[in-house]
Every structure is written in structure tokens, then in C-alpha cells.
Amino acid sequence: MGKIYVLMGKSATGKDTVFKRLTGRKELLLHTVVGYTTRPIRRGETDGREYFFVSDEKWRELQKENKVIESRTYHTIAGDWHYFTVDDGQINLDGKDYLLISTLSGYEQLKRYYGADLVYPLYIEVEDDERLWRSICRERRQESPNYDEVCRRFLADQQDFSEENIRNAGVEKRYRNTELESCVDEIATDIVNQRD
């Protein structure tokens, strides 16, 4: 059986960059899963690449069909945004390993759906001041920057990723993303070791 490696951490810890580096390492043979979201598409994103961007109605329809594996809802300044993984045929654990980005809550839901022995946490950390700076810089590049949302998300992450929640989710190892390549190397080594 394959495994699902769940990359998670607070906003602006470099999850997207680490994800791209890991999936770019062909020797790891990691398959990807495109998640779904109801949030607006950002500049530089493509529907079906970063996410499938869907309406609230489509999200509710998939829930009614019992196709939502895990979901998270963020109460943003612009309204509720839903992020979720759908049982749409993308995941086949018959000998394939997957890498996806989620949250502690999403990680726990994936463990319940697939079994704890098939879902492995990859928790990334960055100091708070660096995360806040990265978030501001990223938002500045948007067509209509929303700094209220940056602040809301930063504060929400402090609660969502509290030490108690990390401990309760069973996350034991953390990866410090202060130097990108060494962080990616450490995660890649652990993925290979999980297969032995």
C-alpha cells in the first residue's frame, strides 16, 4: 500500500515551495492531488493546477454526494472559504504515494478516512516574524491587496496550530524551513525511510 504524506503548517511557512521541490524530485515518485476550494483564484494560479476553484453550490453538492474526504472552512473578511479533498478518483493507494497540502484538521480527517498507518504528517515551521513578513510580501503582489485578511489568517493560525492541537493530532516531528534546500532534503530522506 502507498502512503499519503500531508504537508502542513501555518500560512507563509513555504508549503507551496516545499511541495514543488518534493514533487520535482522524480526519485521520490510522489503523486499529487489537486484539492478544491471556493476561494477566489489568485493572480498566477490556474484552475485545476493549484486547486479546482468551485462555487459554494458545487461544494454543497459534493458533500451531499458523500464525496468530500476532508474539508476546512475559513471565515475570512470576504466571507467563508472552503478547502477540501474530494473522492474523485485522484487517489489510488495501490502502490502509489501521494503528497498533498492540508491542515491539522485535514490531516486528522484523512487519517480517519484512510487509516492512521497510511497517512504521514510533514509539519513545517518558520518563526512568526518571518511568516508575517512573507504574508505581507505575498499579499502586496495581489491585484487588490487585503491586509485585513493577512492579519486574520495570521491570528487564526496561532489557534489552529496551537501546541495542544499539534500534540493532539499526533505530530511528533517538525521541519524548520529556515533554509529551503536542507528542509526539503530532510523531508525527502524521511519519505524514503518510511518506505523501508
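Summarising the amide proton neighbourhood of residue 35: residues at separation of 5 or more, or on other chains, whose placed amide H is nearer than 5 Å comprise 52. When nucleic acids and ligands are ignored and a 1.4 Å probe is applied, residue 15 ends up with an accessible area of around 30 Å².
GNM remark for the chain: springs join alpha carbons under 10 Å apart, and the peak mean-square fluctuation among 134, 152, 167 falls on 167. Bridging of residue 64 to lysines at a Cα separation below 25 Å is possible for 111, once same-chain residues fewer than 8 apart are set aside.
Per-residue ellipticity at 222 nm for the chain, helices alone: DSSP H runs ≥ 4 residues times -39500 (n - 2.57), over residue total, nearest 500 deg cm²/dmol? Taken over the chain, the calculation gives -12500 deg cm²/dmol. About its Cα centre, the chain has a charge dipole of approximately 320 debye under the convention of +1 per Lys or Arg Cβ and -1 per Asp or Glu Cβ, with nothing else charged.
State, to one decimal in nm², a quarter of the convex hull surface area for the C-alpha atoms of the stretch 113-185, i.e. the direction-averaged projected area. Working shown, then result.
Details: hull surface 27.3 nm².
Spelled out: convex hull of the Cα atoms, projected over all directions, averaged, 6.8 nm².
Residue order by solvent-accessible surface for 39, 141 is 141, 39, largest first, with ligands and nucleic acids left out and a 1.4 Å probe. In the assembled protein chains, residue 75 presents an accessible area of approximately 120 Å² (probe radius 1.4 Å). Summing +1 for each Lys or Arg and -1 for each Asp or Glu among the other residues whose beta-carbon sits under 14 angstrom from that of residue 155 gives -1. Legend: P(r) of the stretch 1-109 from all alpha carbon pair distances, 10 Å bins from 0, whole percents, reading 13, 45, 35, 7, 0. In the context of the full set of protein chains, the stretch 5-102 has a per residue accessible area of 51 Å² (1.4 Å probe). Rounded to the nearest angstrom and listed largest first, the equivalent-ellipsoid semi-axes of the stretch 46-143 from its Cα gyration tensor are 26, 20, 13. Stokes-Einstein diffusion for the chain at 10 °C, viscosity 1.306 mPa s, with a Kirkwood radius from C-alpha pairs, works out to 91 µm²/s.
The values are calculated or read from the model by the stated rules, or taken from the named source; none is laboratory data. Treat the numbers as computed from the prediction; the structure is a model and nothing was measured. Backbone-built Cβ (ideal geometry, glycine too); neighbour counts: all protein chains shown. SASA here: full protein model, heavy atoms, side chains in, ligands and nucleic acids out. Shrake-Rupley method; radii C 1.70, N 1.55, O 1.52, S 1.80 Å.
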